[in-house]
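Novice: Encoded as structure tokens, here's the structure I'll be asking about.
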Amino acid sequence: MYDEPEEMPEERPAEPAKRAEEKANEFRMHAEIYAVFEAIRKFDAELDTALDDGLAREVQKRIGTLEKSKEPESPILPPDAAADAAALLALLKEKVSPNDYHVRRRPGEAVVLRWIEGEQVETFYERFQAHFDVAMNDYREEERQAQGWKKDAETLAYLNKLDEVELKVADRYLRALIKQHNLTVLSTLSVDEMDILHLCDFVMGVPAADVVGKNDAPPEEDATERDRAWFFKLFSLRGIVDGVERMCWFTYLQKAEDTFDTSW
């Protein structure tokens, strides 16, 4: 999942600012995945594999409706979707425990739901920012050591653009606007071939079989890249309900190249 793709020289973006931006976006995506899924390893969250089918279908339907309601160029949901978004965020109190990961599986598929609120949201943003900063700073240092000896203008411009990268993830995810204007926001993140072992074993700290099921988990020995590859789509819903900042994540996982009925 985190290996850099092999690039032909003609495939590498020529513009240093563009190259730096793409690298920052890559680290932002990685940082978000870590911050969303590390709670079992870091914060005593639990993995609940008894999520009710009806609730899984309800959340999937509501997420799909909300995604269709917004404009493609903006994650901000329209006012007429606010009630549906609030109802979904309110499921935290009605039906599920906060912070934990709630899983429902079918052959070749899995959904993972998680809700947080209040101080848990604050911790999420702190961890998100920390993961991004560490990855970005480490990469800057690596590139300086590997390419700093080069004196061509393009390399020097690229290194300088890396130094200029500054991302406040809370701003990027519209946190202040959500609080100030009581907005609801839905953003998405997709990975065509997520390494399921990296996500489960390393990030979450649980066996892949606990998330996707024993029959779909990669074999314990000699797992191939195809065995480990899963389509991954993460929906992040954010808003204020009853004066409390809340977040809900709906994650859909499907074995790469498999085709199933996704209508839960």
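Novice: Calculate the all-directions average of the projected area of region 28-107's alpha-carbon convex hull, and give it in nm².
Specialist: Value for region 28-107: 6.9 nm².
Novice: Could I ask something else about it? Can you pull a Stokes-Einstein diffusion coefficient for region 125-264 at 4 °C (1.567 mPa s), Rh from Kirkwood over Cα pairs, as a whole number of µm²/s?
Specialist: The estimated diffusion coefficient comes to 70 µm²/s.
Novice: Place +1 on the Cβ of every Lys and Arg and -1 on the Cβ of every Asp and Glu in region 13-255, take the dipole about the Cα centre, and give the residue among M204, P72, M194 whose Cα lies farthest towards its positive end.
Specialist: Projecting each Cα onto the dipole axis, the largest value belongs to P72.
Novice: How far is helix 153-164 tilted, in degrees, relative to the longest principal axis of the Cα atoms in the chain, given as a value from 0 to 90 rounded to the nearest 10?
Specialist: The helix 153-164 is inclined about 40 degrees to the chain.
Novice: Only counting other Cβ atoms within 10 Å, I'd like V241, V212 sorted with the fewest neighbours first.
Specialist: Arranged by neighbour count, lowest to highest, V241, V212 become V241, V212.
Novice: Distance in nm between label sites at D84 and T224, each 7 Å beyond Cα in the beta-carbon direction?
Specialist: Rounded to a tenth, the inter-label distance reads 4.1 nm.
Read the figures in this text as sums done on the coordinates, not as results from a lab. Everything numeric here is computed off the predicted structure, so don't read it as measured data. All Cβ positions, even for glycine, are placed from backbone atoms using ideal geometry, and neighbour counts span all protein chains on display.
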